[in-house]
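Trainee: Sending over a structure as structure tokens; questions will come in a sec.
The values are calculated or read from the model by the stated rules, or taken from the named source; none is laboratory data. Worth saying up front: this structure is predicted, and the values here are computed from it rather than measured. Glycine also receives a Cβ, built like all others from the backbone with ideal geometry; neighbour counts cover every protein chain displayed. What goes into the accessible areas is simple: the full protein's heavy atoms, side chains included, and nothing from ligands, DNA or RNA. Shrake-Rupley method; radii C 1.70, N 1.55, O 1.52, S 1.80 Å.
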Amino acid sequence: MGALAEILFGGLFQGSLYAMMAVGLALVWTTIGVFNFSHGVFMMLGAYLAWQLVAFGLHPAIAFPLAILATAGVGWLLQATVVRPLIGRANLVLVVVITTLAAGSLIENGVLTIWGPRSKQLPPLLAGNTMIGSIGVSLHQIAIIVVTPLILWALWMFLTRTRIGLALRAVAQNEDASQLVGLNVTALYGLAFAIAAALACIAGIFMGGYRFMSPVMGADPLLKALIVVVFGGISSISGPIFAAYLIGFFEAACSYYFGLYWTPALLFAVLILTLMVRPEGIFTSRGRGLA
Amino acid sequence: MTDMNKRVSGAPGRTSWQREAVGFVLGLAVLAMLPLVFTDSYSRHILIMAFIYAMVASNWDLSLGYGGVFNFGHLALFGIGVYAYALLTKLAGMDPWVALVASGVVATLAAVIVTIPILRLKGIYIILVTFGFAQLVMQIIISQSDITGGTQGIVRIPGLYIFDHNMVRDGKIGYFGIALTLLALSTIFLRVLVRSRIGASIVALRDNEEYAISRGVSLVRQRMITLAASAFFTGVAGAFYAAYQRNASIDVFGMSLATIVLSMVLLGGTGTIYGAVIASFVLTVFAEAMADFGAWRPMITAVLIILVMLVYPSGLVGMIQAAWGGLGGRLRRPT
Amino acid sequence: MPILSVEGVTAGYGRVTVLNDVSLEAGRHGNVGFFGPNGHGKTTLLRVISGLLKPRSGRIFFDGEDITARSARAIVGTGLIHVPQGNRLFPDLTIADCMALGAYSARARPHEAENREKVIELFPKLAERWRQRVRTLSGGERQMVSIGTALMSHPRLLILDEPTLGLAPKIKDELCASVLDISKGGVPLIVVEQDIEFLLELSSQLYLINHGTVATEIKPGESIAHSEIMSMYFGH
Ligand SMILES: Nc1ncnc2c1ncn2[C@@H]1O[C@H](COP(=O)(O)OP(=O)(O)OP(=O)(O)O)[C@@H](O)[C@H]1O
Ligand SMILES: [Mg+2]
């Protein structure tokens, strides 16, 4: 009983963080067809911006939304400078990998210069601890588990029920036809990047609330998000969400039964096996498209 | 200079064997003379690092530029070379030179293993899987800290030797010679390979997969060959790096090293081999020149990489060509 | 005054020049037809007109305004609507989604309900499949969605690029009839077609596009025999 509760809780918690990160990667890939390697850096930057605003004395309820907006703005800017001008290049995917990596390194070193290497911590979403059955958990973790599905649901509603969401899905499917119905493709690309950056910032705020922050804190979540999208298929939004939770549970079970030591290796083995059977991920249909 | 430019810009197979050989020997001779000019061990250290980068980058160009296989785990092959050498010499007590070659073999085997999951994949999925592979090799090395030292790394790794020449107090001339020899061997290997029939079929597969397959080129075999061939000297370079630095750390798996080497490949212009070698020299020397900028250095480098990618789609080669074309145009205009 | 005039347009892709100094005019009344061999630049010309491809030189006027430098989106905003060749559209959107997208521009939005009525009247079949994804529709139905989406954009001038391409004869006749209906409804058309008879029925002015230039122009009022067109088409 205790084992099950622990795995369930751990899986939901990790899955929430992974989903938050992976959805942003998938959103950018489906709309623009590029892979944003600075996504982990967005997460880190978001956490630092939030920390700075809190340090200025703002209440987290004001500081966090401001940080999310600011990170979204950086996402927009990044798209306009290192992605948009390259659209149409023959080796777009490759060149954007290098420009987003370079931009990521720029931001990472900028953060290091501004805030220094000393670790920092954000206030938790909810302070305090509680017991679920026999395991002790923090309210911050519970808040993450509850808030994440709400945010993902809101994103889903935005994409499927609003006019702008419809436009984003359209751009993902056919850029020329989108222009011919009068969509502002440039703005929609920027919007996709901005939303992805905002989601990464939220993940950063989640993480900064229970772990020490550092300029390289985004690297590991980016890696996990990569594995999630490989696993779930990158060409949709729902695939990575399911895959994120699945991998969360898998990791929780592995570390419970085999220990943290072997979890990465096991995860990789499962990943390779999956790809040999289903090269485009397990939850994917053909083609590129949101939703 | 003219000769250099031709070598860089000439498409593979265009320049005749003889001309390329002459250019190669000339280039090699110039590099071999450098220690006469740079007599201090610090400058020589920079040159040795440039040679190591050049090996890694030019081998990456084989899989990325010629093969069109987006192997983002290339630096993991380098890292595997580093750790293979460290473990073989330190734990297994193997002779350093044997371990150097064995590390290349280990990296080649690792490349064959990565090839299996990506055989049926395309584009972005290859990037994701190979990137994941690199990160997981790192995770495994960190988690197996009993033998790998985890995040602490491995220190006091045995170095290489040349008979009873003193490698420590020779102003680094010994390591300089070895590095240059390895780079020369690696470059000959790569150039011979890309000019061969195998090279032609690798390019054919990259440019038109369906057509090449219909003409009997095997995707599986070709990808395997491309990645394995790009791995051997990368692993050897890793082993040499470990022997030279005398320590191993997981930094070699980090994003920043991968970014720098990848920019060498892309700045050099893909599909030339020489482009990557030249870009490695340029970037290494450039990074050194900026040492005074301290924390600003990586930021300036990042901005410059972005600018070159934005302005010159084909990298430094395109930049050289554009400059050359502009010059040629200006010279020709009066007539 | 012509509603659309193209003056000395040269355009292409990369180093390839496809259109070479093309000039033509489309009248305010009466439709215009383009025809010509495959690959000689008809689609390219339409892409230049609708702003998807910027010309290297030359100018384009729509209703007296110079639209050469405007973005495709701004051109949609003026009411010049282009239905591209090949009904690839948005495979994973439903018909309802496509119609909503058609009315995306600020100009078309106030007329959304009224235009939707018109589209359903013109293509009753679409109403039956309203919530079905485009990728699951037949070729004819997809073409109806393409044209319907364009009508939702409240066109002042509608450009159709080979609307009947690849359709079976019966469906093709139905679609031709619908296109004639649209024209009768008062929207001027520019149509690219391989079916000369349909073009002759529909338009009062024809241009033969050959090797990226206007090879022959047939003015309104000039009556021409079918055999003459065939000889233009197949050379002298
Ligand atoms: N995106 C593109 N990139 C490069 N060349 C192109 C592109 N699109 C078209 N072309 C070339 O431009 C030329 C004209 O093509 P276009 O599509 O305009 O012809 P078309 O007259 O519409 O032919 P069809 O009747 O077959 O539709 C062709 O040679 C074609 O190969
Ligand atoms: Mg056409």
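Trainee: Would a scan of segment A:184-205 turn up a residue that is part of a loop (DSSP other than H, G, I, E, B) and within 14 Å of chain C (Cβ to nearest Cβ)?
Mentor: So far as segment A:184-205 goes, yes, one or more of its residues are part of a loop (DSSP other than H, G, I, E, B) and within 14 Å of chain C (Cβ to nearest Cβ).
Trainee: Let me ask something else. Quickly run through segment C:143-161 and pick out the residues that are crowded, with 21+ Cβ neighbours inside 10 Å and among the charged types (D, E, K, R).
Mentor: Once the filter is applied, which keeps residues that are crowded, with 21+ Cβ neighbours inside 10 Å and among the charged types (D, E, K, R), segment C:143-161 yields only C:D161.
Trainee: Something else about it: Do we have B:V194 as within 14 Å of chain A (Cβ to nearest Cβ) and at pLDDT below 95 here?
Mentor: Against the criterion (within 14 Å of chain A (Cβ to nearest Cβ) and at pLDDT below 95), B:V194 does not qualify.
Trainee: On to the next question. Going by the conditions given, is C:S71 open to solvent by 10 Å² or more (accessible area, probe 1.4 Å), more than 10 Å from ligand 1 (Cβ to nearest atom) and at the interface with chain A (Cβ under 10 Å from one of its Cβ atoms)?
Mentor: Against the criterion (open to solvent by 10 Å² or more (accessible area, probe 1.4 Å), more than 10 Å from ligand 1 (Cβ to nearest atom) and at the interface with chain A (Cβ under 10 Å from one of its Cβ atoms)), C:S71 qualifies.
Trainee: While we're here: Filtering segment C:74-94 down to residues that are farther than 26 Å from C:G166 by Cβ and open to solvent by 10 Å² or more (accessible area, probe 1.4 Å), which residue is farthest from ligand 1 (Cβ to nearest atom)?
Mentor: If we take residues in segment C:74-94 being farther than 26 Å from C:G166 by Cβ and open to solvent by 10 Å² or more (accessible area, probe 1.4 Å), then C:G77 is farthest from ligand 1 (Cβ to nearest atom).
Trainee: So, of the residues in segment A:233-243 that are touching a Leu at 6+ places or on another chain (Cβ under 8 Å) and open to solvent by less than 10 Å² (accessible area, probe 1.4 Å), which turns out to be nearest to A:S16 (Cα to Cα)?
Mentor: Applying the filter and picking the extreme gives A:P240.
Trainee: Would you point out the residue of segment A:68-89, among those that are surrounded by fewer than 17 Cβ atoms within 10 Å (Cβ to Cβ) and among the β-branched types (V, I, T), that is farthest from A:V146 (Cα to Cα)?
Mentor: A:I87
Trainee: In addition: Please go through segment B:202-253 and pick out each residue that is of a type in the set (S, T, Y) and in contact (Cβ under 8 Å) with a residue 40 or more places away in the chain.
Mentor: B:T226, B:S230, B:T234, B:Y241, B:Y244, B:S249
Trainee: Return the residues of segment C:117-156 that are β-branched (V, I, T) and within 16 Å of ligand 1 (Cβ to nearest atom); say none if nothing qualifies. Break it down stepwise before answering.
Mentor: First, pick out the residues of segment C:117-156 that are β-branched (V, I, T): C:119-120, C:134, C:136, C:145, C:147, C:149.
None - no residue of segment C:117-156 is β-branched (V, I, T) and within 16 Å of ligand 1 (Cβ to nearest atom), so the list stays empty.
Trainee: Conditions first: (1) more than 16 Å from ligand 2 (Cβ to nearest atom); (2) over 20 Å from C:A215 (Cα atoms); (3) part of a loop (DSSP other than H, G, I, E, B). C:L53 passes all but one, so which condition is the exception?
Mentor: Condition not satisfied by C:L53: (1).
Trainee: Does segment C:34-49 contain any residue that is within 16 Å of ligand 2 (Cβ to nearest atom) and assigned to a strand (DSSP E or B)? Talk me through it step by step, then tell me what you get.
Mentor: To start, the set of residues in segment C:34-49 that are within 16 Å of ligand 2 (Cβ to nearest atom) comprises C:34-49.
From what's left, assigned to a strand (DSSP E or B): C:34-35.
Yes, the conditions are met somewhere in segment C:34-49.
Trainee: Select from segment B:286-305 the residues that are more than 9 Å from every other protein chain (Cβ to nearest Cβ) and not in a helix (DSSP H, G or I) and list them in ascending order.
Mentor: Within segment B:286-305, B:M290, B:G294 meet the criteria.
Trainee: Checking the conditions here, which among B:Q144, B:Q222, B:Q135 is under 22 Å from the mean Cα position of the chain (by Cα) and either within 14 Å of chain A (Cβ to nearest Cβ) or small (G, A, S) (or both)?
Mentor: B:Q135
Trainee: Restricted to segment C:114-133, and to residues that are touching a residue at least 12 places away in the same chain (Cβ under 8 Å) and over 20 Å from the mean Cα position of the chain (by Cα), which residue is nearest to the other protein chains (Cβ to nearest Cβ)?
Mentor: Here the residue is C:R133.
Trainee: Can you tell me which residue in segment C:145-179 is farthest from A:V181 (Cα to Cα), limited to those that are of a type in the set (D, E) and within 16 Å of ligand 2 (Cβ to nearest atom)?
Mentor: C:E162
Trainee: Hey, can you tell me all the residues within segment A:90-130 that are at the interface with chain B (Cβ under 8 Å from one of its Cβ atoms), open to solvent by less than 30 Å² (accessible area, probe 1.4 Å) and over 17 Å from A:Q79 (Cβ atoms)?
Mentor: Passing the criteria: A:L94, A:G110.
Trainee: Got at least one residue in segment A:134-149 being surrounded by fewer than 14 Cβ atoms within 10 Å (Cβ to Cβ), away from every other protein chain (no Cβ under 14 Å), at negative phi and in contact with a strand residue (DSSP E or B) (Cβ under 8 Å, 6 or more places away or on another chain)?
Mentor: Yes: one or more hits.
Trainee: Please enumerate the residues belonging to segment C:84-108 that are within 8 Å of another protein chain (Cβ to nearest Cβ), in contact with a strand residue (DSSP E or B) (Cβ under 8 Å, 6 or more places away or on another chain) and over 13 Å from A:R169 (Cα atoms).
Mentor: C:P84
Trainee: Let me ask something else about it. Return a yes/no flag: does segment C:95-116 have any residue that is within 16 Å of ligand 1 (Cβ to nearest atom), open to solvent by 10 Å² or more (accessible area, probe 1.4 Å) and modelled with pLDDT under 95.
Mentor: Within segment C:95-116, none of the residues are within 16 Å of ligand 1 (Cβ to nearest atom), open to solvent by 10 Å² or more (accessible area, probe 1.4 Å) and modelled with pLDDT under 95.
Trainee: Could you check segment C:157-230 for strands (runs of 3 or more DSSP E) lying wholly inside it with 3 or more residues that are more than 13 Å from ligand 1 (Cβ to nearest atom) and modelled with pLDDT under 90?
Mentor: Strands (runs of 3 or more DSSP E) meeting the threshold: C:203-210, C:213-218.
Trainee: Something else: Could you please tell me which pairs satisfy a Cβ distance under 7 Å, a separation of 6+ or placement on different chains, a first residue in segment B:105-125 that is at the interface with another protein chain (Cβ under 7 Å from one of its Cβ atoms), and a second residue that is surrounded by fewer than 15 Cβ atoms within 10 Å (Cβ to Cβ) and in a helix (DSSP H, G or I)?
Mentor: Within 7 Å, the pairs are B:P117/A:M276.
Trainee: Which pairs have Cβ atoms under 8 Å, sit 6 or more apart or on different chains, and link a residue in segment C:13-40 that is within 14 Å of chain A (Cβ to nearest Cβ) to one that is aliphatic (A, V, I, L, M) and more than 7 Å from ligand 1 (Cβ to nearest atom)?
Mentor: Within 8 Å, the pairs are C:Y13/C:L53.
Trainee: Continuing with this model, one more query. Restrict the check to segment C:122-136 and report whether at least one residue is open to solvent by less than 60 Å² (accessible area, probe 1.4 Å), within 17 Å of C:Q85 (Cα to Cα) and within 16 Å of ligand 2 (Cβ to nearest atom).
Mentor: Within segment C:122-136, none of the residues are open to solvent by less than 60 Å² (accessible area, probe 1.4 Å), within 17 Å of C:Q85 (Cα to Cα) and within 16 Å of ligand 2 (Cβ to nearest atom).
Trainee: Taking the options B:L310, B:L283, name whichever one is within 14 Å of chain A (Cβ to nearest Cβ), under 19 Å from B:L64 (Cβ atoms), in a helix (DSSP H, G or I) and open to solvent by 10 Å² or more (accessible area, probe 1.4 Å).
Mentor: Only one candidate passes the filter, namely B:L283.
Trainee: Can I ask one more? Could you list all residues from segment C:16-39 that are over 19 Å from C:V83 (Cα atoms), near ligand 1 (Cβ under 10 Å from one of its atoms) and either open to solvent by 10 Å² or more (accessible area, probe 1.4 Å) or of a type outside the set (A, V, I, L, M) (or both)?
Mentor: C:V16, C:T17, C:V18, C:P37 - these are the residues of segment C:16-39 that are over 19 Å from C:V83 (Cα atoms), near ligand 1 (Cβ under 10 Å from one of its atoms) and either open to solvent by 10 Å² or more (accessible area, probe 1.4 Å) or of a type outside the set (A, V, I, L, M) (or both).
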